[in-house]
Amino acid sequence: MTTIDTTEHAPPAVHHSPLADAELQNIATQFLALESKLLDEAREEDWYQLLDPELLYVIPIRQATEQRSDEVNRAAFRVRNTLAHVRLRIDRLSTAKAYSEIPPSRTMRLVGSVLARKTDRDNVIAVSSAVLLYRQRGIDPHFDLIPYRRNDELRITADGPRLLSREILLTEVAIATPNLGLFL
Amino acid sequence: MTVIAPTVASEVTPILDRVETEIEKNRVPAEIWNNDAIFRAELDQVFGTCWVFVAHESELPKAGDFVQRRIGLDPVIVTRDGTGGINVLSNYCRHRGTQVCQTDTGNSRFFKCPYHGWTYSNNGDLVGTPHMREAYGTRLDPKEWGLKRAPRVDVRSGFIFASLAHEGPSLDEYLGGGGWMLDILVKLAPGGVKVAGPPERYQINADWKAGAENFSGDAYHADTLHWSNEEIQMIQGLGANAEMMHAYELGDGHATLGFPWAKVGLPLWGYSPETVAQFDLSVLDDAQRYVLETNPPTIGTIFPNFSYLRVSSPTLPGGPPTVVTTFRIWQPIAPGKMELWNWQFVYECQSDQEKLDSYVTGQLIFGSAGNFETDDTVAWEGAARAAKSAWMQRENLSFNFEQAGRTTVDVTPDPDYHGPGIKRPTGFGELVQLNFYRHWLAVMRGDASSTTTEGRHSR
């Protein structure tokens, strides 16, 4: 008689760690929801407060390749920003002369499929999520939809979670929106 | 010479006639943008005859490497075959037209059509047909039934160009003054330049001509559209940009703006002493050295849709400078729509840290999220919209290039410049952009040899 191995579906073992899995998941979802709200409300300065000083924000280049594993070239990127670069981009948006974002695109970042897990570093958790960013720019009669997955790391600090790293895997190889003048 | 198909000609010829009349008045009719007939004719006349950039050799370092690109709307596979040769192959199976390659990049000796299995070598030859004996009896001729090859392929300093015209000027003749200027950018060190990574691509709601025109000589927009970058101190002195840029009209639709980098303390665009030590300027002629010392190429277009930018930029406000080199193609997609393919380039001889700084900063200023480029992508949408307007069509809307006749700045060519074409001591005048459209008009009429020959290299 054959049996179906149910190990994969078994409830995860209880870990004796400072952060239980349910708590991890809760921290991650709350964080992603909060930053989405801030970015959708054009509160970049408030969002900036959620960034870790060691932030690395990267959008690698994706291409159509035969093997899925070759699609993303992590030595190549559309964007490779440190916290100082993000500061610069926010400063530019604040000049009232960053014309591609005047007025700011109306956006709605729908974040889902959140998976949080521990890493081998204390107080750093890894969070994977999927985002659909709806964007209506200027007086465009149409909208742009920017789909992507994020691989984030959050540092849990005394002041709350902070975004330590973000890798954005755009679903499209050639993006249909004319620019990425907003934060993904 | 290719002749416009009669069905298209009846729609296009009256428009081209109006372009000719309007250019004489330093204006360009809006109707050449976002126009179905013009777009169709451009595929025949411009992308069907001109030499167009398809890839850089550094993207194909090994035998079997390939990238998929487009000439006009046609997908082509650019391969390096087993003998090291470069091939530009049409990506349509000769049996039923199915695309034999469905990827952007890879390494393969063969391309096998997924439909019936016709298989081609990476030099384009047909090398396999399933059930050959039952289906065909004897082998089909591998050349006759091979993938269609771009009739002419040639390489200049690692830059691979293809032409769909069987006859016409050689690549070197075609590039003329544009190639002479390109050499100043990319031939300074043994080993030359290479791509920092594969291209990034983004769709812009504008015609390919918008980017080509802008990069050919629009010094005038920088201190308005890009002023935010002055305020955050990523650039200084933008207000003097049009005054300081010198415009090179290189002939045949090729053009460059040159900024006096040495005057602002950044000779040779500000490359580091370590990198400059690797440079061998003896490859340049006297006129090229004059350009390098006075107003080296900074932003330019090689007709039709290949452009570049080489600037010194701080890595961050107040931070150390780095040199950014981007090459890009304005890839036609549809009337009023293009895809921007953007590559960052570095010199092979630079240190790893310098290469990374160039790449990171290049994308920070010119890329899909670039602090300069994002604003261009939006400004260029206007012409396509205006051109589609029924109201503006009734008004016979033309765009204003009248700086050409009205500028009070001296546009007399620099007598000390002895290279191809002419160099004017200012970025004012919009003369370069008008020349771009003059050449476009000649190419569209199938008579490119009749215009702007002054830039042809006369060495």
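The values are calculated or read from the model by the stated rules, or taken from the named source; none is laboratory data. Predicted model, so just to flag it, every value in this text is computed and none were measured. Here the Cβ is made from the backbone with ideal geometry for all residues, glycine too, and neighbour counts use every protein chain on show.
Residues checked against (1) touching a residue at least 40 places away in the same chain (Cβ under 8 Å); (2) surrounded by fewer than 21 Cβ atoms within 10 Å (Cβ to Cβ):
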{"site": "B:Gln344", "(1), (2)": "yes, no"}
{"site": "B:Glu348", "(1), (2)": "yes, yes"}
{"site": "B:Asp352", "(1), (2)": "no, yes"}
{"site": "B:Gly367", "(1), (2)": "yes, no"}
{"site": "B:Lys388", "(1), (2)": "yes, yes"}
Margin query: For region B:193-226, give me the residue count where each residue is over 16 Å from the mean Cα position of the chain (by Cα), β-branched (Val, Ile, Thr) and surrounded by fewer than 21 Cβ atoms within 10 Å (Cβ to Cβ).
Written below: 1
Check: Can you name the condition, by its number, that B:Thr407 falls short on among (1) within 14 Å of chain A (Cβ to nearest Cβ); (2) free of Cβ contacts under 8 Å to residues at least 24 places away in the same chain; (3) of a type in the set (S, T, N, Q)?
Finding: (1)
Item checked: Among the residues listed as B:Ser170, B:Ser163, the single one being among the hydroxyl-bearing types (Ser, Thr, Tyr), in contact (Cβ under 8 Å) with a residue 60 or more places away in the chain and over 30 Å from B:Thr315 (Cβ atoms) -> B:Ser163
Checklist line | Candidates B:Phe39, B:Phe47 - the one that is in a loop (DSSP other than H, G, I, E, B), buried (at least 19 other Cβ atoms within 10 Å of the Cβ) and aromatic (Phe, Trp, Tyr) | finding: B:Phe47
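Test of understanding: among B:Ala165, B:Ala210, which residue is among the small types (Gly, Ala, Ser) and either in a loop (DSSP other than H, G, I, E, B) or more than 14 Å from chain A (Cβ to nearest Cβ) (or both)?
Numbers: B:Ala210 fails: either in a loop (DSSP other than H, G, I, E, B) or more than 14 Å from chain A (Cβ to nearest Cβ) (or both).
That would be B:Ala165, the only listed residue that is among the small types (Gly, Ala, Ser) and either in a loop (DSSP other than H, G, I, E, B) or more than 14 Å from chain A (Cβ to nearest Cβ) (or both).
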Next item on the list: Could you list all residues from region A:152-174 that are under 17 Å from A:Asn26 (Cα atoms) and not acidic (Asp, Glu)?
Entry: A:Leu154, A:Arg155, A:Ile156, A:Thr157, A:Ala158, A:Gly160, A:Pro161, A:Arg162, A:Leu163
Next item on the list: Only residues in region A:38-50 that are closer than 11 Å to A:Met108 by Cα count as the first member; pair them with residues that are assigned to a helix (DSSP H, G or I), Cβ under 7 angstrom, at least 6 apart or cross-chain, and list the lot.
Entry: A:Leu38/A:Asp46; A:Leu38/A:Trp47; A:Leu39/A:Trp47
Margin query: Checking the condition in contact with a His (Cβ under 8 Å, 6 or more places away or on another chain) and either of a type in the set (Ser, Thr, Tyr) or more than 14 Å from chain A (Cβ to nearest Cβ) (or both), which residue from B:Pro260, B:Pro267, B:Pro190 passes?
Written below: B:Pro260
Margin query: Can you pull out every residue in region A:57-75 that is more than 24 Å from A:Leu154 (Cβ to Cβ), part of a strand (DSSP E or B) and not β-branched (Val, Ile, Thr)?
Written below: A:Asn73, A:Ala75
Item checked: Residue tally, condition within 34 Å of the chain's Cα centre (by Cα) and farther than 14 Å from B:Trp145 by Cβ, over region B:116-134 -> 1
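Here is a yes/no grid of residues against (1) in contact with an Asp or Glu (Cβ under 9 Å, 6 or more places away or on another chain); (2) within 21 Å of B:Thr374 (Cβ to Cβ); (3) modelled with pLDDT of 95 or more:
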{"position": "A:His9", "(1), (2), (3)": "no, no, no"}
{"position": "A:His16", "(1), (2), (3)": "no, no, no"}
{"position": "A:Glu23", "(1), (2), (3)": "no, no, no"}
{"position": "A:Leu39", "(1), (2), (3)": "no, yes, yes"}
{"position": "A:Pro60", "(1), (2), (3)": "yes, yes, yes"}
{"position": "A:Ala64", "(1), (2), (3)": "yes, no, yes"}
{"position": "A:Ala76", "(1), (2), (3)": "yes, yes, yes"}
{"position": "A:Asn81", "(1), (2), (3)": "no, yes, yes"}
Check: Which of the residues belonging to region A:76-107 are within 7 Å of another protein chain (Cβ to nearest Cβ) and either part of a loop (DSSP other than H, G, I, E, B) or out of contact with any strand residue (DSSP E or B) (no Cβ under 8 Å at 6 or more places or on another chain) (or both)?
Finding: A:Ala84, A:Leu88, A:Asp91, A:Arg92, A:Thr95, A:Lys97, A:Ala98, A:Tyr99, A:Ser100
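What tally of residues in region B:64-95 results from selecting those that are among the small types (Gly, Ala, Ser), in contact (Cβ under 8 Å) with a residue 40 or more places away in the chain and not in a strand (DSSP E or B)?
First, the residues of region B:64-95 that are among the small types (Gly, Ala, Ser): B:64, B:72, B:82, B:84-85, B:90.
Filter once more, so that each one left must be in contact (Cβ under 8 Å) with a residue 40 or more places away in the chain: B:64, B:72, B:82, B:90.
Among the residues that remain, those that are also not in a strand (DSSP E or B) are: B:64, B:72, B:82.
Here the count works out to 3.
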Notebook entry, point to check: Has region B:239-247 got any residue that is within 14 Å of another protein chain (Cβ to nearest Cβ), within 14 Å of B:Glu430 (Cα to Cα), surrounded by 18 or more Cβ atoms within 10 Å (Cβ to Cβ) and touching a residue at least 12 places away in the same chain (Cβ under 8 Å)?
Noted result: no
Margin query: Tally up the residues in region B:77-104 that are surrounded by 21 or more Cβ atoms within 10 Å (Cβ to Cβ) and under 20 Å from A:Glu71 (Cα atoms), please.
Written below: 5
